[in-house]
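One structure is given below, encoded as structure tokens.
Taken together, the values in this text are just the output of simple stated rules run on the coordinates, not laboratory data. Since this is a predicted model, take the numbers as computed values, not measurements. Cβ atoms come from the backbone with ideal geometry, glycine included; neighbour counts cover every protein chain shown.
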């Protein structure tokens, strides 16, 4: 639980050293995508959407930190590529989280929960390059974007 939000996830690997824990997730994405999706947010503003892998590992770390069953501390993680680079190396992309990062992640979780409960997410963001909005248009889910007052 993060606040009043129940979360569930599958962690690929935990590295446990005493009370210190690090979360590792394996990816088969292109290396350029992994780099892009592990970028640390440039601001601490909840209105700015985080990079997906950075957010994913941060959520896992926050879930570990707030689990009363364990007394672990998790402020690090990594994305490990399962695709070799041009030199035949499987790259590791380490991630470090601060108290401010965790507060930002918590804010995003609360915002997402509020949007889900109010069904605001059904409207989409309207951005031209939004993956979700384009998916909804291509699959016919775009009906959900219609204004209730439209004819």
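Checked against (1) surrounded by 12 or more Cβ atoms within 10 Å (Cβ to Cβ); (2) closer than 29 Å to residue 129 by Cβ; (3) under 17 Å from the mean Cα position of the chain (by Cα), residue 11 passes all but condition (2).
Residues are listed down the side, and each one gets a yes or a no for (1) surrounded by 13 or more Cβ atoms within 10 Å (Cβ to Cβ); (2) free of Cβ contacts under 8 Å to residues at least 40 places away in the same chain; (3) in contact with a strand residue (DSSP E or B) (Cβ under 6 Å, 6 or more places away or on another chain):
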| position | (1), (2), (3) |
| --- | --- |
| 4 | no, no, no |
| 16 | no, no, no |
| 60 | yes, no, yes |
| 78 | yes, no, yes |
| 118 | no, yes, no |
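Every condition in (1) in a loop (DSSP other than H, G, I, E, B); (2) without any contact (Cβ under 8 Å) to a residue 12 or more places away in the chain is met by residue 39 except one, and the failing one is (2).
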